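The values are calculated or read from the model by the stated rules, or taken from the named source; none is laboratory data. Computed from a prediction, not measured in an experiment: that's the story for all the values here. All Cβ positions, glycine included, derive from the backbone under ideal geometry; neighbour counts span all protein chains shown. We work out accessible area using only protein heavy atoms, side chains counted, and drop any ligands, DNA or RNA first. Shrake-Rupley method; radii C 1.70, N 1.55, O 1.52, S 1.80 Å.
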Amino acid sequence: MAAGEPGDLGGYYFRFLPQKTFPSLTSQETTSRLRQWSMLGRIKAQAFGFDQTFQAYRKDDFVMAFFKDPNVIPNLKLLPDSSGQWITLGTQVKKIEAINVPCTQLSMSFFNRLYNEDIVRDNGHIVKCLDSFCDPFLISDELRKVLLMEDSEKYEVFSQLDREEFLFCLFKHLCLGGALCQYEDVLNPYLETTKLIYKDLVSVRKNPQTKKIQITSSVFKVTAYDSAGMCYPSTNSHEQTFSYFIVDPIKRHVHVLYHCYGVGEMS
């Protein structure tokens, strides 16, 4: 089989796009929030371009080619658990897992049910509850209860399909934060930051026939393994350590959103 034929990993070539910035993660307002949530310095978005038509059914080939590409290896950043110093992936990926993450939501009204169900008061304040633990998270309000406790009475407010949506995943990650997260008393900072990052990462276009806005990106939650086991996004698995690949098939860009759970920058 000649290089570049379908089914061959040589089919995709990538290039790093360092000039692509993600204002949603670097604005003053967001950085002060990420600092409060113990995520600052531990979350990063990067952009790469690719040269072939993206086919969603070949996502595994696409992701494997990504990790093997000589333009990706020296540029893809990750955090080792022990230190806060960003490194590149210095190991050979043998196996990948790319889980489809539905990405269909176009409006933040998706979260209005938090008000309707008295999880958040009309004035935006999150309703408090008695402290309990859902390891390793402290649950001290109704919002975290809905996010984490499957046996709580309001867990059903979001269906299983709702919870799989990229918009929900992003919101939940921001609400849970890092190791020394100082939680918000009001909902708005979570919603605003979720919206900004989502808009930065996900591509939309107007459908020429229906004139409706539609999302064109495909999203995958990605894990990679070397001969010793899991090597990316980290060697330890944690609900708050993640890497999402957001693929724009029209521009042929892939955005990588990465976070490694730990203690974020304080100052």
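Points worth noting:
- Candidate set: segment 27-56, residues that are in contact with a strand residue (DSSP E or B) (Cβ under 9 Å, 6 or more places away or on another chain) and part of a helix (DSSP H, G or I); chosen: the one least open to solvent (accessible area, probe 1.4 Å): 34
- In segment 193-220, the residue that is farthest from the chain's Cα centre (by Cα) out of those that are part of a loop (DSSP other than H, G, I, E, B) and within 26 Å of residue 98 (Cβ to Cβ) is 216.
- Scanning segment 106-135 for residues that are part of a loop (DSSP other than H, G, I, E, B) and not β-branched (Val, Ile, Thr) yields 106, 107, 112, 117, 118, 121, 122, 123, 124, 135.
- Qualifying position, being surrounded by 17 or more Cβ atoms within 10 Å (Cβ to Cβ), under 19 Å from the mean Cα position of the chain (by Cα) and in the same structural domain as residue 246 (by the TED database), among 77, 59: 59
- Residues in segment 223-239 that are crowded, with 21+ Cβ neighbours inside 10 Å and within 15 Å of the chain's Cα centre (by Cα): 233, 234.
- Remark: pairs (first residue in segment 217-242, outside the structural domain of residue 84 (by the TED database) and under 16 Å from residue 44 (Cα atoms); second residue small (Gly, Ala, Ser) and open to solvent by 10 Å² or more (accessible area, probe 1.4 Å); Cβ separation under 7 Å; 6+ apart in sequence or on different chains) are absent.
- Of the residues examined, residue 84 is not one that is in the same structural domain as residue 54 (by the TED database), among the small types (Gly, Ala, Ser) and closer than 30 Å to residue 248 by Cβ.
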